[in-house]
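Here's the structure we're looking at; comments come further down.
Derivation of every value follows stated rules applied to the coordinates shown; laboratory data play no part. These numbers come from a predicted model, not from an experiment. Every residue, glycine as well, gets a Cβ built from its backbone with ideal geometry; the counts of neighbours run over all protein chains shown.
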Amino acid sequence: MSGPLEISGSLSIPETELRWRFSRSSGPGGQGVNTTDSRVELSFDLAASETLVPPLRDRALERLGPRLA
């Protein structure tokens with residue numbers, strides 16, 4: 001994917017604030033045992049984001065705080 005991540009008509013996160021990580025997925029064998037399965041993780045540092053205005057960022061941090069890694 002290239003370009004910003006569109007959240008809504010009025011909010012998009014620029015590509016510079018997104019981090020992609022690709023790796024091989026783990027799990028049991030099965031029909032796909034002889035194929036290469038991949039996993040993609042997309043990370044976004046909410047606390048360091050310059051895209052979100054402070055009130056919006058603070059509200060998101062408050063509500064998502066316990067679930068953020």
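A few notes on this one:
- A simple count of charges around Glu6, restricted to other residues whose Cβ falls under 14 Å of its Cβ and scoring Lys, Arg +1 and Asp, Glu -1, yields -2.
- Here's how it looks for Leu5: its modeled amide H is under 5 Å from those of Ile13, Glu15, which are all 5 or more places away or on a different chain.
- 3J(HN,Hα) from dihedral phi, region 10-19, Karplus parametrisation 6.51/-1.76/1.60, rounded to Hz, x for glycine, proline: 10, 9, 9, 9, x, 4, 5, 9, 9, 10
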